[in-house]
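Read the figures in this text as sums done on the coordinates, not as results from a lab. Note that this is a predicted model, so its numbers are computed, not measured. Every residue, glycine among them, receives a Cβ derived from its backbone with ideal geometry; neighbour counts consider all protein chains shown.
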Amino acid sequence: MKRARKRSLVTGGAGFLGSHLCERLLAAGADVLCVDNFFTGSRDNIRHLLGHPNFEVMRHDVTFPLYVEVDEIWNLACPASPVHYQHNPVQTVKTSVHGAINMLGLAKRTGAKILQASTSEVYGDPALHPQPEEYRGNVNPIGIRSCYDEGKRCAETLFFDYHRQNGVNIRVARIFNTYGPRMHPNDGRVVSNFIVQALRGEAITLYGDGSQTRSFCYVDDLIEGLIRLMDAPDDLVGPINLGNPGEFSIRELAEQVLRLTGSSSPFLLRPLPADDPMQRCPDIAKARRFLAWEPRIPLAEGLSRTIDHFTEALGLRPALLAS
Ligand code: NAD
Ligand code: UDP
Ligand code: UDP
């Protein structure tokens, strides 16, 4: 898909989603400036883009001001895995809140359009299921996940206040669990954990009894949704849910990963972390209606592609072939 030539700033561009987005934007003809402090991102994720004449990388922390000239801003900078965002919770809040203020200040000065990578975590442990955008959520403001949840909620507030107060052209996407190639093997999120454990023949760490649910979206589908939202008419500010409505228990996910890898790893039951949401599934009626978007890659296919990636990246062979 071609887009008008734009100077596109991607914060968090060396991360999992950011690197896929940079790749797609370059392919569509953009000049891409990738800004990242490399906390959870890595040069490996963007190494294949480094020689591209329209690609530039800047090491920078978005909690500090940034003066560049751009046409659009994709604000993805923020660790997304609970293990990483809980490592330095104060920095996580600063990244979401100060990062949003700086990027919105930049958008205000340059007139750039700006998209926020928000999250299904704004719904917390939801009492309404599936979650439509109108649902205001059930978030613990003082728990161990709050630095992420409340930081992202405050970022949404800032986006809408800059929109109302300063006329900034905003887009807010609420992204549900997304997986795929280039997740870091030690990222700590469930899909990468299970695949790496299965491929290595290590125990599958199931938190709680595995009955909690998530809805997993393959990365290519998600990136397509983000681009459609950015390119939508200006009155479509969101927030808009982007995710795959196929809902699975974590135990079902583990069983699929074992089946697809041919692994016979045993389960290792671990306590459920505090405030871990018990269910999550997006209502994507708005994305269907206004963006003509819905995910196309079913879980089994997306997992297979991700397994292939990890098999190669880790120099491993699926257990099926190993004997
Ligand atoms: P990721 O951890 O792979 O990427 C985040 C990137 O942001 C990394 O490259 C990291 O180094 C960078 N970063 C972190 N703090 C920074 C700072 N202060 N300044 C500059 N760069 C910084 O995570 P991801 O899965 O690619 O997530 C990208 C965005 O999408 C995040 O904002 C996340 O909250 C959001 N999101 C992701 C998911 C998902 O399932 N992947 C779901 C909901 C929301
Ligand atoms: N900012 C930035 N780049 C810019 C313009 C602003 O990083 O090109 C930062 C600036 O540091 C400021 C923040 O964005 O703290 C918010 O900008 P705004 O204009 O809203 O606020 P003000 O400068 O009036 O405090
Ligand atoms: N989870 C698990 N084993 C793991 C990692 C995660 O059972 O090794 C569970 C976790 O408790 C949660 C779900 O999988 O219920 C999704 O976790 P993840 O960290 O991927 O994302 P989030 O909780 O932010 O949706």
Original post:
Can you pull the three principal axis extents for the Cα set of segment 137-193, in Å, largest first?
Top reply: 43, 29, 17
Original post:
How high is the FRET efficiency from ARG5 to HIS129, r the C-beta distance, R0 30 Å, rounded to 0.05?
Top reply: 0.10
Original post:
What is the Å³ per residue value for the convex hull set by the Cα atoms of segment 81-202?
Top reply: 131 Å³
Original post:
If you take the Cα Rg of segment 146-263 and divide it by 2.2 N^0.38 Å, with N the number of residues, what do you get?
Top reply: 1.31
Subject >> segment 258-294: chymotrypsin sites (Phe, Trp or Tyr not before Pro) in DSSP loop, at most 14 other beta carbons within 10 Å >> reply: none
**OP:** Determine, for the chain, the count of lysine pairs separated by eight or more sequence positions (or lying on different chains) whose alpha-carbon distance falls under 26 Å.
**Re:** 11
Original post:
Nearest 0.05, what FRET efficiency do TYR67 and ASP209 give at R0 = 51 Å with Cβ-Cβ as r?
Top reply: 0.50
Subject >> Span-like helix ranges in the chain, DSSP H, alpha carbon extent 24 angstrom or more, Kyte mean at least 0.0 >> reply: 89-110
Subject >> For the chain, Kirkwood radius (reciprocal of mean inverse C-alpha pair distance, Å) >> reply: 19.9 Å
Original post:
Taking +1 at the Cβ of each Lys and Arg and -1 at the Cβ of each Asp and Glu, which of TRP74, HIS20, HIS84 sits farthest along the dipole of segment 1-98 towards its positive end, judged by Cα position relative to the Cα centre?
Top reply: HIS20
Subject >> Rounded to 5, percent antiparallel among DSSP beta bridges of the chain >> reply: 10 percent
Subject >> Pair HIS52, LEU269: separation of 7 Å Cα→Cβ label points (nm) >> reply: 4.7 nm
Subject >> Extension gain (nm, one decimal) between ILE142 and ARG164, 0.36 nm per residue minus Cα-Cα >> reply: 5.1 nm
**OP:** Just flag the GluC sites (Glu not before Pro) in segment 107-159 sitting in loop per DSSP whose Cβ has no more than 13 other Cβ atoms within 10 Å.
**Re:** GLU134
Original post:
How far is the Cα center of segment 1-32 from the Cα center of segment 212-291, in Å?
Top reply: 22 Å
Subject >> 10 Å Cβ shell holding at most 16 others, DSSP loop, trypsin sites (Lys or Arg not before Pro): longest site-free stretch of the chain >> reply: 137-295
Original post:
Taking K and R as +1 and D and E as -1, what net charge do the other residues with C-beta under 10 Å from the C-beta of HIS129 add up to?
Top reply: -1
